[in-house]
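Colleague: Please see the structure below; I have some questions.
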Amino acid sequence: MKKALIIQRLVCRIFFTQRTFSAVGLFVFIFSVCMCFGQGENNTWYFGYGAGVDFNSGSPVAISGGQTAQREGVASVSDASGNLLFYSDGLSVWDRTHSFMPNGTGLMGDPSSTQSATIVPIPGNANQYYLFTCPAINSSNGLRYSIVDMTLNAGNGDIAATKNVLLLNSTTEQCTTVPATNGCVWFITRKFNPVFYSYLIDITGIHPPVISNCGSVFMSININGLGYMKPSPLNNKIAIADYGASSAVSFFELYDFDNTTGSVSNAIQLSPPTNVVYGCSFSPDGTKFYGALWGPSIYQFDLTAGSAAAIQATETLIGNTNGTSVGAMQIGPDQKIYVTSEGDLSLSVIDNPNALGTACNFIFASLPLNGGTCGIGLPSIVQSVCNVMPTAAFFAPHHICPGTCTDFINNSQNATTYLWSFPGASPSTSTDANPVSICYNTPGNYTVSLIATNASGSDTLMLNNYITVYPYPAPQGIAQSGDTLFANAGAVSYQWYHGGVLIPGATDYFYLATSGGDYNVVATDANHCEVEAAIFDVVAAVQSMVNDLSSMVYPNPVVDKLVVTSSLLVGAPIEITIYNLLGEKVLAVSPLSLGRVVGGEAIDCRLLPSGIYYLEVTGSEIKFRKQFVKQ
């Protein structure tokens, strides 16, 4: 057999196949009378039992001082700069000093109401807020609202004369808010029969409700009406997690929402695999839905799948909370979803919630609360009503390989121009709405900032260490032994190419060349980073090949003797060699020294350590390799 020529050239390069992402469309809100309201309103959370989180640095930090001792619904609001104004459990209101407002007790929410409190800024008055309280399912309190005036109590705020005003005599424990295209904001709740009430809130006050008959009948006897109602960040859908006495009467229900008319329509149900449900959330880009069982399990559904049945079929378990019951799930200012589980001393997080399946990266107990304890509630989002000030927001695939590029999705609202800063990247700045091909060559962590501007002002979002560039993958090379090409072992996966064309099934760290030419291999490491090596001018002289070897080498796995069928031992000379996974020769035998067995010749493998090996048979008429396992 002609020996292969000496390798003349060996080249390696690192590369990355870019993923394509669809940018989320920007939404323009048209208002006649507006108030300035920045992005910091949701930067301070108080919840559970003395728990608190501050997002003002761009990353969540546990804080103390909170006075809540509430298992379920809470609300909190800050000013445009992220400074705390007040928070509530639907029964009481605490000011920025963590003291009760003088008239801030005796509200008519409930400690057992899922969404006991919701805060809405009053359009046209920068110092006043509606505080809605939602009853428990067996309460007669009804849906009510009060007005918090921040000019009272020496600027620390108090409830004015408007307190506990009845809006609707009976509701479930569920309510939410959605920005409106022709007003300021919608406040939405529902009754036990399938009727939704959408109240438009604008400069003139709270309008009579738009009533929609839609969805399933909830029955208090089945303990329906508990569980969260959540809006999509795209403002076009809402969802309910409907708790029940058993899994037979518990489900998620999704609806279309028209934020021009306030109507609710097109209900679809998604059923969990077991148990009842309580918490839910959409992903920041509106393409995924997350639902939690009343237990430790969290599931993802892909809303882009199509029909209700197709969406149901995408149900994927993405994580669990080690036995504790999952409560609220809430999108944070950093576009991650935070998860509370009852009695835990930390929040969990869905780190990349726009990603499909387990790539969303659920991390249990990622944010210790420094002495605070989770209930099953987190503060509802404060919507920026009648807001002509821009709010900066963005997302990008932010765990990438060195020498690769990423695209940014601009989720800002009400902005007309943009200034991006990408220190350490090329390019380092951009004025595009959605910058693409922002490339990072060196491993490390990189900060990204965006200034979103319109005629009324600007808003800056800076996320420290937002981009993580993985370490370089291990260098790759190709060695040649006879007609066999060997890549460096140790990668997670391999793919061989001949003349630039993928070789189907060639996914081992070695490849037996059947013809001459140029070969390359792409090796992928545990971070999904790829490194490529190429070898040119390979000369191969294989005269024949055997492809189906399943019945010619047996048993597999082998304990003592490996049988090679007699039909393979044709021609002379014959060489039989065994290699380990590193390509090292561990045994070479002559057919004359083999033990004769029925149907073939036997190789004594008893001295081989347990592991995976390759048997190579080489002769003038044949050459092949067969993987086998030594037990």
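Colleague: Any idea what the dipole of the chain comes to, in debye rounded to 20, about its Cα centre with Lys/Arg Cβ at +1 and Asp/Glu Cβ at -1?
Modeller: Here the chain has a charge dipole of around 720 debye.
Colleague: Follow-up. Could you state the number of Å between the C-alpha centres of region 324-393 and region 473-524?
Modeller: Region 473-524 and region 324-393 have Cα centres separated by 44 Å.
Colleague: What residues from region 326-359 fall in the zone where the backbone N is under 17 Å from a label point 7 Å along the Cα-to-C-beta line of ASN445?
Modeller: Only 334-336, 349, 351-352 fall inside the zone, counting backbone N under 17 Å.
Colleague: Charges on Cβ only, +1 for Lys and Arg, -1 for Asp and Glu, centred on the Cα centroid of the chain; of GLY343, SER366, ILE578, which one is farthest towards the dipole's positive end?
Modeller: ILE578
Colleague: Under a point spin-label approximation (7 Å from Cα along Cα-to-Cβ), what is the VAL539-ASN322 distance to one decimal in nm?
Modeller: 6.2
Colleague: Which value in nm describes the separation of the simple spin-label points at SER421 and SER170, placed 7 Å from the Cα toward the beta carbon?
Modeller: 5.8
Colleague: Still on this structure, please answer the following. Once you have a ≥ b ≥ c as the square roots of the Cα gyration tensor eigenvalues for region 165-229, tell me rounded if a/c is under 1.5, and otherwise prolate or oblate according to whether a/b is larger than b/c.
Modeller: On the way: a/c = 2.31, a/b = 2.04, b/c = 1.13.
Prolate, since a/c reaches 1.5 and a/b exceeds b/c.
Colleague: Along its three principal axes, how long is region 131-280 when you only count alpha carbons? Whole Å, largest extent first please.
Modeller: 53, 32, 24
Colleague: What percent does the relative contact order of the chain come to when contacts are Cα pairs within less than 8 Å and at least six residues apart?
Modeller: Across the chain, relative contact order equals 12 percent.
Colleague: Then there's this: Suppose R0 equals 35 Å; then what is the FRET efficiency for THR151 and VAL61 from their Cβ-Cβ distance, rounded to the nearest 0.05? List each step's numbers first, then the result.
Modeller: Details: r = 30 Å, r/R0 = 0.86.
According to the calculation, E is roughly 0.70.
Colleague: Leaving ligands and nucleic acids out of the surface, order SER493, SER449 by accessible area at 1.4 Å, largest first. Before the final figure, lay out each step's value.
Modeller: On the way: SER493 50, SER449 20 Å².
The ordering from most to least exposed comes out as SER493, SER449.
Colleague: Once you order the gyration tensor axes a ≥ b ≥ c over the Cα atoms, which shape class does region 331-453 get: rounded for a/c under 1.5, otherwise prolate or oblate by comparing a/b with b/c? Intermediate results must be reported in sequence, preceding the final value.
Modeller: On the way: a/c = 2.55, a/b = 1.39, b/c = 1.84.
Because a/c hits 1.5 or more and a/b fails to exceed b/c, region 331-453 counts as oblate.
Colleague: May I pose another question? At 1.4 Å probe size, with the rest of the protein present, what percent of the exposed accessible area of the chain is carbon and sulfur atoms? Can you show the working numbers first?
Modeller: Working: 13240 of 24710 Å².
Summing carbon and sulfur atoms, their accessible area is 54 percent of the total for the chain.
Colleague: How would you order 553-562, 291-300, 105-114 from highest to lowest mean count of nearby Cβ atoms within 10 Å?
Modeller: Details: 553-562: 16.3, 291-300: 23.5, 105-114: 21.3.
For the peptides 553-562, 291-300, 105-114, the packing ranking is 291-300, 105-114, 553-562.
Colleague: While we're here: For every helix of n ≥ 4 consecutive DSSP H residues, a contribution of -39,500 (n - 2.57) applies; sum these over the chain, divide by its total residues, and give [θ] at 222 nm rounded to the nearest 500 deg cm²/dmol. Present the calculation step by step, with values, prior to reporting the outcome.
Modeller: Details: 1 runs with 6 residues, N = 631.
One gets 0 deg cm²/dmol as the mean residue ellipticity at 222 nm.
Colleague: With unit charges on the beta carbons (Lys and Arg positive, Asp and Glu negative) and the dipole taken about the Cα centre of the chain, which residue among TYR418, ALA392, PRO609 sits farthest to the positive side?
Modeller: Of TYR418, ALA392, PRO609, it is PRO609.
Colleague: Just read off the accessible area of THR260 with the full protein assembly in place, 1.4 Å probe, to the nearest 10 Å².
Modeller: 60
Colleague: Further question on the same structure: Place a +1 charge on the Cβ of each Lys and Arg in region 430-537 and a -1 charge on the Cβ of each Asp and Glu, then give the dipole magnitude about the Cα centre in debye, rounded to the nearest 20. Each step should come with its number before you reach the end.
Modeller: Details: 0 positive and 9 negative charges, 46 e Å.
The calculated dipole for region 430-537 is roughly 220 debye.
Colleague: Would you work out the charge dipole size for region 93-231 about its Cα centre, treating the Cβ of every Lys and Arg as +1 and the Cβ of every Asp and Glu as -1, and quote it to the nearest 20 debye? Walk me through the numbers on the way to the answer.
Modeller: Numbers: 6 positive and 6 negative charges, 50 e Å.
For region 93-231, the charge dipole is close to 240 debye.
Colleague: Follow-up. I'd like to check one number: the per residue accessible area of the chain, probe 1.4 Å, reported in Å² as a whole number. Please report the intermediate quantities before stating the final value.
Modeller: Details: 24710 Å² over 631 residues.
It amounts to 39 Å² per residue over the chain.
Colleague: Further question on the same structure: Check which residues have an amide H placed less than 5 Å from GLY227's amide H, if you skip close sequence neighbours.
Modeller: THR114, TYR243
Colleague: Considering the dipole of the chain built from charges on the beta carbon (Lys and Arg +1, Asp and Glu -1) around the Cα centre, which of LEU485, THR151, PRO208 is farthest to its positive end?
Modeller: Selected residue: LEU485.
Colleague: Show the residues, 5+ positions off or on another chain, whose built amide H is closer than 5 Å to the amide H of ILE409.
Modeller: PHE395, ALA396
Colleague: If you don't mind, another one. With a 10 Å radius around each residue's Cβ, average the other Cβ atoms per peptide and rank 372-381, 279-288, highest first.
Modeller: Details: 372-381: 25.3, 279-288: 23.8.
Final packing ranking: 372-381, 279-288.
Colleague: Do the alpha carbons of any pairs in LYS561/LYS630; LYS585/LYS626; LYS230/LYS288; LYS163/LYS237; LYS163/LYS230 sit beyond 19 Å of each other, and which pairs? Don't skip to the answer; put the middle values down first.
Modeller: Details: LYS561/LYS630 10 Å; LYS585/LYS626 14 Å; LYS230/LYS288 13 Å; LYS163/LYS237 31 Å; LYS163/LYS230 26 Å.
Violating the 19 Å Cα-Cα cut-off are LYS163/LYS237; LYS163/LYS230.
Colleague: Would you give the gap between the C-alpha center of region 296-323 and the C-alpha center of region 106-176, rounded to a whole Å?
Modeller: Cα centroid to Cα centroid, the span is 34 Å.
Colleague: Something else: Report the relative contact order of region 310-425, percent, no decimals, based on alpha-carbon pairs under 8 angstrom and at least 6 residues apart. Let's see the in-between values first.
Modeller: Working: 183 pairs, mean separation 21.8, N = 116.
Over region 310-425, the number comes to 19 percent.
The values are calculated or read from the model by the stated rules, or taken from the named source; none is laboratory data. Quick caveat, the model's predicted, so the values are computed rather than measured. Cβ coordinates were reconstructed from backbone atoms using ideal geometry, including for glycine residues, and neighbour counts include every protein chain displayed. Remember, those area values only see protein heavy atoms, side chains included, never the ligands or the DNA or RNA. Shrake-Rupley method; radii C 1.70, N 1.55, O 1.52, S 1.80 Å.
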